[in-house]
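Accompanying notes for the structure given below.
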Amino acid sequence: MSDTDSPLSEDDYMATYDRLRALASSEAESRHVSFTGAHEAYASGDRALAHALSQKGKRHGENMKAYNEQAKNFIFSINNAGLSRDTMDLHGLYVEEAMDVLRGRMADIRRGGLWVIVGRGNHSVGEARLRPAIERHCGAIGVQVDRGIEEGRLYLH
């Protein structure tokens with residue numbers, strides 16, 4: 001991302017991304033602690049505490065989803081600012097987030113094709129995950145996938 005792509009600097013972009021993902025991660029950990037405590041309380045016969053902890057865990061789960069949704073929307077809006085209608089940039093999103101966005105653009109794919117920027121997988125642990133997930137999904141629903149000349153781009157049609 002360059003300075004002309006967004007009014008945010010790269011540092012501001014990363015700080016916002018990191019903050020939202022950290023909040024989601026913290027909520028995920030709190031959810032786990034609450035559900036573990038609920039399980040232990042239930043096993044020891046304290047149904048009231050189990051219920052209270054379970055409800056608390058559910059709230060943490062809702063908060064986690066909300067922070068991840070904020071992060072998804074933030075990343076997608078910044079990465080796609082100024083792109084033409086036939087191009088969509090999904091890099092930086094979690095795989096399931098990217099797949100949700102992609103499912104919402106199926107009409108565009110079937111109507112005339114869509115360029116999808118998936119990145120090269122440089123930030124993936126191990127191998128790239130987004131490109132293979134998109135290729136599997138498209139193969140399962142009969143959408144053709146061609147790799148672009150530039151690494152990290154796919155053409156779906």
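The values are calculated or read from the model by the stated rules, or taken from the named source; none is laboratory data. This is a predicted model, so every value here is computed, not measured. Backbone-built Cβ (ideal geometry, glycine too); neighbour counts: all protein chains shown. The area values use the complete protein model at the heavy-atom level, side chains included, leaving out ligands, DNA and RNA. Shrake-Rupley method; radii C 1.70, N 1.55, O 1.52, S 1.80 Å.
Could we say that Arg31 is part of a helix (DSSP H, G or I), open to solvent by 60 Å² or more (accessible area, probe 1.4 Å), in contact with a His (Cβ under 8 Å, 6 or more places away or on another chain) and within 30 Å of Ile78 (Cα to Cα) here?
On the way: part of a helix (DSSP H, G or I): yes; open to solvent by 60 Å² or more (accessible area, probe 1.4 Å): yes; in contact with a His (Cβ under 8 Å, 6 or more places away or on another chain): yes; within 30 Å of Ile78 (Cα to Cα): yes.
When the stated conditions are applied, Arg31 passes them.
Which residues, counting only those in the range 88-116, are over 23 Å from Ala24 (Cα atoms) and in contact with a Phe, Trp or Tyr (Cβ under 9 Å, 6 or more places away or on another chain)?
Passing the criteria: Met88, Gly113, Leu114, Trp115, Val116.
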Checking the conditions here, which among Asn73, Asn79 is without any contact (Cβ under 8 Å) to a residue 12 or more places away in the chain and under 24 Å from Leu23 (Cα atoms)? Asn73
